[in-house]
Amino acid sequence: MNPKVRTYSMPVAMVVGVSLYKSIAPLDVLSPYLIAAMLFVTFTRVKAKELRLQKIHIGQLAIQLVGGVLLYLGLRWCGVSEIVCQGAMICVFIPTAMASVVVGGMLGANVTTMTTFTLLSNMSVALVAPILFSFVGTHTDLPFLTSFWLVFRRLLLLVVMPFVAAQLLDRVSPKAFEYVKNHQSWSFYLWLASLTILMSSTTRFILAQPLEYVGLEIAMAVIAGVLCVGQFALGRWWGKRCGDKVAGGQSVGQKNTLLAILLAQSYLHPLSSVAPAAYIVWQNLINSIQLSRKKE
């Protein structure tokens, strides 16, 4: 796909989702399946035997998981609104976007290093999120095991099963596996469809809220911007110490915001999804700047 088409299609999908939200929002029931299909296509680029845990991955994972929890606790200790705390937390805690490998490769990062962490990041959230959301979110009044299962079964479909399916396809039908692997553009189109639908459902939800929430929404949009810039910078600093600052920056800063919106609307206060929705804009802006500077 032409890089210019890829660059412009993302904001176009967002504008379409926002503009036609009344018509598109009812399709939000398809979002989990589109995301799972997107990850399945992407995971065909990964073979379990090729994955190697490195020092850079440990630091990145700590920033994501520990950083997200500490940020939530710190903001709550400062008396910040629960909704804002949840929105800020999800922007850090959520895993790395699969698209980060593509962007990172264009910027000169080690693709294997990034692919390994992307998988590790997503799998870790699949295991840790059910525990975290059992104490923070809409299911805190339920028994721990019940709350854990409600979240884990969704992440099992979204993250774990696509990886298992990709690996099984490689064993059962190597030709089919290679065919899907050679058509990675499918994942981009699925991503655009998911982005359009989730932006429309988020827009519908935001417009349905009382005007008294406008201040919270603006605050979360600003915080998302600060966190986005901060995570890219922190990731590049850690990556530089480990020999690949581009891989560090993209892996820590570029988030799977579609999954973040879906989880926020399902298991946190739905209004907290405004933060990852705003994060989409910020991270695409940063990526556009990086890619334009790379061309220069």
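The values are calculated or read from the model by the stated rules, or taken from the named source; none is laboratory data. Note that the structure is predicted; figures quoted are calculated from it, not measured. Glycine gets a Cβ as well: all are built from the backbone with ideal geometry, and neighbour counts include every protein chain shown. SASA here: full protein model, heavy atoms, side chains in, ligands and nucleic acids out. Shrake-Rupley method; radii C 1.70, N 1.55, O 1.52, S 1.80 Å.
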Q) Counting only protein heavy atoms, what percent of the accessible surface of the chain is carbon or sulfur at a 1.4 Å probe? A) 68
Q: Go through Lys55/Lys245; Lys175/Lys255; Lys181/Lys240; Lys47/Lys175; Lys49/Lys255; Lys49/Lys240 and tell me which ones have a Cα-Cα distance over 21 Å in this structure.
A: Lys175/Lys255; Lys181/Lys240; Lys49/Lys255; Lys49/Lys240
Q) With +1 on each Lys and Arg Cβ and -1 on each Asp and Glu Cβ, how big is the dipole of the chain about its Cα centre, in debye rounded to the nearest 20? A) 1000
(Q) If the only charges are +1 at each Lys and Arg Cβ and -1 at each Asp and Glu Cβ, what is the size of the charge dipole of segment 19-122 around the Cα centre, to the nearest 20 debye? (A) 300
Q. Protein chains only, probe 1.4 Å: how do Leu207, Leu227 rank by accessible area, largest first?
A. Leu207, Leu227
Q. Which listed residue (Pro26, Ser185, Ala109) has the Cα farthest towards the positive end of the charge dipole for the chain, taking +1 on Lys and Arg C-beta and -1 on Asp and Glu C-beta about the Cα centre?
A. Ala109
(Q) Rolling a 1.4 Å sphere over the protein heavy atoms, what is the accessible area per residue of segment 1-70, to the nearest Å²? (A) 56
Q. Going by a ≥ b ≥ c, the root eigenvalues of the Cα gyration tensor, does segment 146-296 fall in the rounded group (a/c under 1.5), the prolate group (a/b larger than b/c) or the oblate group?
A. oblate
Q) Sorted by accessible area with a 1.4 angstrom probe, largest first, how do Leu127, Leu157 fall? A) Leu127, Leu157
Q. What accessible area per residue comes out for segment 150-265, rounded to a whole number of Å², with a 1.4 Å probe?
A. 45
**Q.** Spatial separation of Cα centroids for segment 63-97 and segment 7-44, in angstrom
**A.** 25
Q. For segment 250-293, rounded, prolate or oblate, judged on the Cα gyration tensor with a ≥ b ≥ c (square roots of eigenvalues), a/c < 1.5 rounded, else prolate if a/b > b/c?
A. prolate
